Amino acid sequence: MTTTERLLVFIVDDEPGIRMGIEAILRGFKPALADMDRVVNFDLRSFETGEAFLEALKTETPALVLLDCKLPGIGGLEILEKVLSKREDIVTLIVTAYATLETAVKTTKMGAYDFLAKPFTPDELRYTVRKGATHVLLRRERDRLETERKQIRFQFLSVLAHELKSPINAVEGYLDLMANKLLGPDVESYLPMVEKSIARIGGMRKLIADLMDLTRLESGQRKKEISSVNLREAAQTALESVALAAEKRNISFTLESDDLSIAADPGDIEIIFNNYVSNAVKYNRDGGSVTVRLTGTDGGKIRIAVTDTGLGLTDEDRERLFAEFVRIKTDETRHIPGSGLGLSIVKKLAQEYGGEVGVTSTHGEGSTFWVELAPAVIEKDSQPHGAER
Amino acid sequence: MAKILCVDDDHDVTEFCKIALEAKGHEVFTAADGDAGFEAALKVRPDVMLLDVMMKDVSDGFQTAYRIRKEESIKYTPILMLTSVNQVFNHKFSPDRDGKFLPVDDFVEKPIPVATLIEKVDKLLALTPDQINVG
């Protein structure tokens, strides 16, 4: 949807003819900035002297200033140097009859955004003002995104602090119970507390490991070591790592795969398999099954699908599951340890490989988590495919 | 022996309270969120209720406290809120200040020292209905 932006423009020129001319041209000028879906309307205010302009600046903030270099009292260059160069929220366009390359360089260095030589045609004025307005709006958009980014970071850190503090509280509580010998002098009776403490510490270790994976991904710093990864072998390795936990709960594995390989960083593929397979075991029912299916897609991608026979998800859960720190907590799942970062990491990885993630699920029957990946493009001495950041 | 209901979504917190209070001879019931806690309170009629703040959402515990105070049969249940000091806003709850706005009887900050938990529960058990902060 196109929105209308009103920008306040101050015109500072001692020649009445110029002031009136500029106002007349800009009054009917409503440029549409198609890229941003914006139409700009200008509110115009003219000043005969630098002093009058500076007085108005105390109470109002224009988005754009059309500033004449040569003014009777305080000059345009002085205003630019002493006042406007310090105002990052105002875009200055210099208007001058003394258009030399030297003036242009000098004013630009002092912070002017652009330069308009007198005499100018209406089109030249419109062109310059349009450019200035675009700059204003882009800068506002950038500031808005920056604020949003800070808020997201704030939320992330708040939740992270909570997630790190909970296991410490739990362990501290158990230690306190032991120190107070609440269950009597027999050491054996405290073993369940020791086991629970170890489990919480393990969960914390996993959270820290996931956090490091996430940081590494987001930094975009690490160069991918691309090689041909045999997916069947990678899947088997991941299944073996959870075999013990699965055996305890009588969960069986099936691996359906052609002999598929993909050009990728083996570490990335390992993270994806580990997250999907360990979730499929953790959130399964006792005696259930986990099926890993590896297939090629028509578009030359590979598809990894991991199906469990667990609790399944509601539509609402499915929507938000791949976001950071989202864990579906119900009476059935709240004992299951997890960092809440695993799926968001898989999603970020998939994006790096030009792919996507998703889940299909029937509540109460089980879920299939899938990811599609395109082969990484191997480029020597440059960032690999997808890691452009 | 008294009946204590502990409501917290962190299994280790309910486990901790269970061990500590059972060792003192109390009967301990647990629930994992505000709704389950409210239902359990109706059924169990606890003598004291321990209630976490942040469960299903950031104020699940407070909302549950308000519900308890509106329900005639369990209205006068002494409530001890289990809080985490908010690192960001650094707000420490106190009965004198926050009790004016929240219908609860005391606060205890996590990690909860065993001795403090037992002491606070004993204090709440000694309250008479007219001393309960029903808001």
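The values are calculated or read from the model by the stated rules, or taken from the named source; none is laboratory data. The model shown is predicted, which means the values in this text are computed figures rather than measured ones. Positions of Cβ are backbone-derived with ideal geometry, glycine not excepted, and every protein chain shown enters the neighbour counts.
Pairs only if they're at least six apart or on different chains, beta carbon under 7 angstrom, first in the stretch A:87-113 and touching a residue at least 12 places away in the same chain (Cβ under 8 Å) and assigned by TED's automatic domain parsing to the domain that holds residue A:64, second in a loop (DSSP other than H, G, I, E, B) and among the hydroxyl-bearing types (Ser, Thr, Tyr); list them, first residue then second.
A:89/A:61; A:90/A:61; A:91/A:113; A:92/A:113; A:93/A:113
Within the stretch A:277-289, can one find any residue that is in contact with a Leu (Cβ under 7 Å, 6 or more places away or on another chain), within 23 Å of residue A:363 (Cα to Cα) and modelled with pLDDT under 95? So that I can check it myself, show each step before the final result.
Here is the first cut: in the stretch A:277-289, the residues in contact with a Leu (Cβ under 7 Å, 6 or more places away or on another chain) are A:277, A:283.
Keeping just the survivors that are within 23 Å of residue A:363 (Cα to Cα) gives A:277, A:283.
If we keep only those that are modelled with pLDDT under 95 as well, we get A:277, A:283.
Looking for residues that are in contact with a Leu (Cβ under 7 Å, 6 or more places away or on another chain), within 23 Å of residue A:363 (Cα to Cα) and modelled with pLDDT under 95, one finds at least one in the stretch A:277-289, hence yes.
What residue, of A:165, A:150, is farther than 30 Å from residue A:79 by Cβ, of a type in the set (Lys, Arg), touching a Lys or Arg at 6+ places or on another chain (Cβ under 9 Å) and assigned to a helix (DSSP H, G or I)?
A:165
Count, please, the residues in the stretch A:212-232 that happen to be part of a helix (DSSP H, G or I) and surrounded by 13 or more Cβ atoms within 10 Å (Cβ to Cβ). Working first, answer last.
In the first step, residues of the stretch A:212-232 are kept if they are part of a helix (DSSP H, G or I); the result is A:212-219, A:231-232.
Subsequent filtering for residues that are surrounded by 13 or more Cβ atoms within 10 Å (Cβ to Cβ) retains A:213-214, A:216-217, A:231-232.
Counting residues in the stretch A:212-232 that are part of a helix (DSSP H, G or I) and surrounded by 13 or more Cβ atoms within 10 Å (Cβ to Cβ) gives 6.
Which of the residues spanning the stretch B:109-132 are over 13 Å from residue B:48 (Cα atoms) and more than 12 Å from chain A (Cβ to nearest Cβ)? Walk me through how you get there before you give the answer.
First, pick out the residues of the stretch B:109-132 that are over 13 Å from residue B:48 (Cα atoms): B:109-116, B:130-131.
Listed by number, the residues that qualify are B:130, B:131.
Tell me yes or no: at least one residue of the stretch A:76-91 is in contact with a strand residue (DSSP E or B) (Cβ under 8 Å, 6 or more places away or on another chain), surrounded by fewer than 17 Cβ atoms within 10 Å (Cβ to Cβ) and modelled with pLDDT under 90.
Among the residues of the stretch A:76-91, not one is in contact with a strand residue (DSSP E or B) (Cβ under 8 Å, 6 or more places away or on another chain), surrounded by fewer than 17 Cβ atoms within 10 Å (Cβ to Cβ) and modelled with pLDDT under 90, which makes the answer no.
Please go through the stretch A:148-195 and pick out each residue that is surrounded by 14 or more Cβ atoms within 10 Å (Cβ to Cβ), more than 36 Å from the chain's Cα centre (by Cα) and facing chain B (nearest Cβ under 9 Å).
A:173, A:174, A:176, A:177, A:180, A:182, A:183, A:193
Quick check on the stretch A:208-234: of everything there that is among the aliphatic types (A, V, I, L, M) and either modelled with pLDDT under 85 or in contact with a Leu (Cβ under 7 Å, 6 or more places away or on another chain) (or both), which residue is nearest to residue A:174 (Cα to Cα)?
A:211
Does residue A:175 fit the bill of being touching a Ser or Thr at 6+ places or on another chain (Cβ under 8 Å) and at pLDDT 90 or above?
For residue A:175, the condition - touching a Ser or Thr at 6+ places or on another chain (Cβ under 8 Å) and at pLDDT 90 or above - is met.
Within the stretch A:32-59, track down each residue that is assigned to a helix (DSSP H, G or I) and closer than 24 Å to residue A:75 by Cα.
If the condition is that a residue be assigned to a helix (DSSP H, G or I) and closer than 24 Å to residue A:75 by Cα, then A:50, A:51, A:52, A:53, A:54, A:55, A:56, A:57 are the ones that fit.
Out of the residues in the stretch A:271-304 that are among the hydrophobic types (A, V, I, L, M, F, W, C) and assigned to a strand (DSSP E or B), state the one that is nearest to residue A:232 (Cα to Cα).
A:294
Just for the stretch A:53-81: of the residues that are of a type outside the set (S, T, N, Q) and free of Cβ contacts under 8 Å to residues at least 24 places away in the same chain, which one is farthest from residue A:7 (Cα to Cα)?
The selected residue is A:55.
With in contact with a Lys or Arg (Cβ under 9 Å, 6 or more places away or on another chain) and without any contact (Cβ under 8 Å) to a residue 12 or more places away in the chain as the only criterion, which of A:191, A:182, A:214 stands out?
A:182
State the number of residues belonging to the stretch A:16-31 that are in contact with a strand residue (DSSP E or B) (Cβ under 6 Å, 6 or more places away or on another chain) and assigned to a helix (DSSP H, G or I).
So the count comes out to 4.
Only one residue in B:106, B:10, B:57 is buried (at least 17 other Cβ atoms within 10 Å of the Cβ), modelled with pLDDT under 95 and either within 14 Å of another protein chain (Cβ to nearest Cβ) or farther than 21 Å from residue B:132 by Cβ (or both), so which one is that?
B:10
Looking at the stretch B:23-46, which of the residues that are modelled with pLDDT of 95 or more and within 22 Å of residue A:194 (Cβ to Cβ) is farthest from the other protein chains (Cβ to nearest Cβ)?
Taking the candidates together, the pick is B:28.
Given (1) surrounded by fewer than 18 Cβ atoms within 10 Å (Cβ to Cβ); (2) within 14 Å of chain A (Cβ to nearest Cβ); (3) under 13 Å from the mean Cα position of the chain (by Cα), where does residue B:76 come up short, assuming only one miss?
Unmet condition: (2).
Which of the residues spanning the stretch A:249-270 are aliphatic (A, V, I, L, M) and either closer than 12 Å to residue A:294 by Cβ or in a strand (DSSP E or B) (or both)?
Answer for the stretch A:249-270, where residues must be aliphatic (A, V, I, L, M) and either closer than 12 Å to residue A:294 by Cβ or in a strand (DSSP E or B) (or both): A:255, A:260, A:262, A:263, A:264, A:269.
Which residue out of A:360, A:333, A:307, A:368 is assigned to a loop (DSSP other than H, G, I, E, B) and either among the polar types (S, T, N, Q) or modelled with pLDDT of 85 or more (or both)?
A:333
Only one residue in A:100, A:128, A:134, A:121 is at pLDDT 85 or above, surrounded by fewer than 15 Cβ atoms within 10 Å (Cβ to Cβ) and farther than 30 Å from residue B:19 by Cα. Which one?
A:121 is the lone residue from the list that is at pLDDT 85 or above, surrounded by fewer than 15 Cβ atoms within 10 Å (Cβ to Cβ) and farther than 30 Å from residue B:19 by Cα.
From the set of residues in the stretch A:269-315 that are more than 22 Å from residue A:226 (Cα to Cα), among the β-branched types (Val, Ile, Thr) and without any contact (Cβ under 8 Å) to a residue 40 or more places away in the chain, which is surrounded by the fewest Cβ atoms within 10 Å (Cβ to Cβ)?
Only one residue fits best here, namely A:291.
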